[in-house]
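Scroll down for the structure; my scribbles are underneath it.
The values are calculated or read from the model by the stated rules, or taken from the named source; none is laboratory data. These figures come from a predicted structure and were not determined experimentally. Glycine also receives a Cβ, built like all others from the backbone with ideal geometry; neighbour counts cover every protein chain displayed. Please note that ligands, DNA and RNA were not included when accessible areas were found on the heavy atoms of the full protein model with its side chains. Shrake-Rupley method; radii C 1.70, N 1.55, O 1.52, S 1.80 Å.
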Amino acid sequence: GMEPAARLCLALCLAGVLPAPGCRGAQGRFAYKLLHDLFANYSSALRPVEDTDRALNVTLQVTLSQIIDMDERNQVLTSYLWVRQTWLDAHLTWDKDGYGGIDSIRIPSSYVWRPDIILYNNADEHFGGSMETNVVLRSDGHIMWDSPAITKSSCKVDVSYFPFDGQRCRLTFGSWTYNGNQIDLRNQLDTGDLTDFVENVEWEVLGMPATRNVITYGCCSEPYPDVTYTLLLRRRASFYIFNLLLPCIMVSFLAPLGFYLPADSGEKVSLGVTVLLALTVFQLLVAESMPPSESVPLIGKYYIATMTMITASTALTIFIMNVHHCGPGARPVPPWARRLILHHMARLCCVYEVGESCKSPQRALGGRASVGDAGGPAESPGEGQVGTEAGGCPWDHCLCHHDTLLRNVGYIAGCFRRHRTNQRRTGEWKKVAKVMDRFFMWVFFLMVFLMSVLVLGNAA
């Protein structure tokens, strides 16, 4: 039932006789008429199928446009998606020849029935659905609805390998009220579309496989199909390596150098405490951005191990400082300590007296021993000589203060001897402390190195 004028206009249009604007005018009139005819007796409330026992096929396709934010602490992934849903509306078909060849029209989505497909694992407090965009309606009743959506989805974040971790975040889409016997939801492709993905600075997307699941929930006996997209992410670790890991490794290599610092400087303990404080600050930075879960991140384990090591090294330093500052009243170095520390460990750690070198320890040690041996007996003959002189001194030539002089000289000699013995004893304890310092320095350097290798090995 087309008017004769309209039919003539259409014929001339198609023949190319009338100019384009005229054709457009005709098309516009037909579009108005089509819209009026289609929606005269249409209700957008009911499922649009000819047979109510048959399920309506809805096809879903998701395009990931960008990852806006990944909040590890609250375990929420914010992403920008384009969601495309297609289905067949049995009540919205027309003969395109009857309407001037119009094959498809774009109308507001609120005009037509829409499937209530939502994101099941939504974590948004406002629960914003997709935007009210137009749908494309074709003459055979096929409807295509494209809508962009910013979604916040809950995602179980495992940070045990932070900052070298990967995450798997699921996006589960399904109908809220229609079961599988009413809407059969299917995924169009096996993966989410990543062709228009905007690269993220922190996360690298490895893939987005899609699976269709049919689940029976506890509330209802009917099956509910859903489409789950699994977003596979890997963290770009370079930012964290430069800002959290490298400073920690550098600071932890400072800790063993506390043993190398001379004991008289008085800065040994304060260096250890300063390093400990610096690491505590880094530890707090990591703890603030991580979820308070049982799994400690790899970098956190590294910090804790380093802090434990620095605490141990500071405690050892205090102990060694006590050994170094053994006063004149100290007892002599025990024979086992002299043998183990002053001979074997000193040779191992290359600690020698001033003027000795690592090249020829044997000769240097031997030289020192002979001097000591000569020094020991040399003192007693000295006393003996004084005595013989006293004995062989003719009494008539003796001064009356002879005995007093001898006593005073003996006292001075004894004082010197005691002083030398104390000095030697103090020197030996100082050397014991120096050897232990050097030994622990190498041990702790090795530990720091091994820990750094272990962390990087775990990361790999």
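Some observations on this one:
- Rounded to whole Hz, the Karplus (6.51, -1.76, 1.60) HN-Hα couplings of the range 67-77, x for glycine and proline: 9, 7, 7, 10, 9, 5, 5, 9, 6, 10, 9
- Placing a label point 7 Å from the Cα of LYS96 along the Cα-to-Cβ direction, the residues of the range 134-162 whose backbone N falls under 13 Å of that point are 137-142.
- Annotation: amide H of VAL135 within the under-5 Å range of ILE107, SER109, sequence separation 5 or more or interchain, hydrogens built in the peptide plane.
- In this structure, ASP196 and CYS220 have a Cβ-Cβ separation that, at R0 = 30 Å, corresponds to a calculated FRET efficiency of about 0.20.
- The calculated FRET efficiency for the pair LEU450 and ASN41, based on their C-beta separation and a Förster distance of 60 Å, comes to about 0.15.
- Taking amide H positions as modeled 1.01 Å from N, with prolines and chain starts lacking one, the residues under 5 Å from ASN57 and 5 or more places away or on another chain are LEU88, ASP184.
- Only protein heavy atoms count here; on that basis, with a 1.4 Å probe, HIS402 has an accessible area of about 50 Å².
- Restricting the range 67-175 to GluC sites (Glu not before Pro) that sit in a DSSP loop and have at most 10 other Cβ atoms within 10 Å of their own Cβ leaves GLU125, GLU132.
- Gain upon complete extension [MET250, ARG339; 0.36 nm per residue less C-alpha separation]: 28.4 nm
- Computed from backbone phi with θ = phi - 60° and the Karplus coefficients 6.51, -1.76 and 1.60, the 3J(HN,Hα) list for the range 47-63 is 5, x, 10, 5, 10, 5, 7, 8, 7, 8, 7, 10, 9, 10, 9, 10, 10 Hz; x is used for glycine and proline.
- Extending 7 Å from Cα along the Cβ direction at ASN181 and again at ARG106 yields two label points whose distance is 4.0 nm.
- Phi to ³J(HN,Hα) by Karplus 6.51 cos²θ - 1.76 cosθ + 1.60 over the range 136-144, Hz, x for Gly, Pro: 9, 10, 9, 5, 8, x, 6, 10, 10
- A DSSP coil position with no more than 11 other Cβ atoms inside 10 Å describes the following chymotrypsin sites (Phe, Trp or Tyr not before Pro) in the range 205-311: TYR217.
- GluC sites (Glu not before Pro) restricted to the range 145-223 and DSSP loop, no more than 10 other C-beta within 10 Å: GLU199
- Spatially proximal lysines relative to LYS430 (Cα-Cα < 23 Å; intrachain offsets below 8 disregarded): LYS268, LYS359
- Carbon plus sulfur fraction of accessible area for the range 33-235, probe 1.4 Å, in percent: 48 percent
- Dipole magnitude of the range 33-235, debye to nearest 20 (Cβ charges: Lys/Arg +1, Asp/Glu -1, about Cα centre): 140 debye
- Summed side-chain charge close to GLU72 - residues other than GLU72 whose Cβ falls under 13 Å, Lys, Arg +1, Asp, Glu -1: -3
- Extension gain, LEU277 to SER265, is 2.2 nm, computed as 0.36 nm per intervening residue step minus the present C-alpha separation.
- Probe 1.4 Å - accessible area at THR311, Å² to nearest ten: 70 Å²
- Estimated distance in nm for a label pair at TRP442 and ASN408, the labels positioned 7 Å out from Cα along Cα-to-Cβ: 5.4 nm
- Between GLY192 and MET208, ALA210, the built amide H atoms are under 5 Å apart, and every one of these is 5 or more places off in sequence or on another chain.
- Shape category assigned to the range 72-152 from the gyration tensor of Cα positions, a/c cut at 1.5: prolate
- Each distinct pair of alpha carbons in the range 33-235 adds a 1/r term; the inverse of their mean, the Kirkwood radius, is 18.5 Å.
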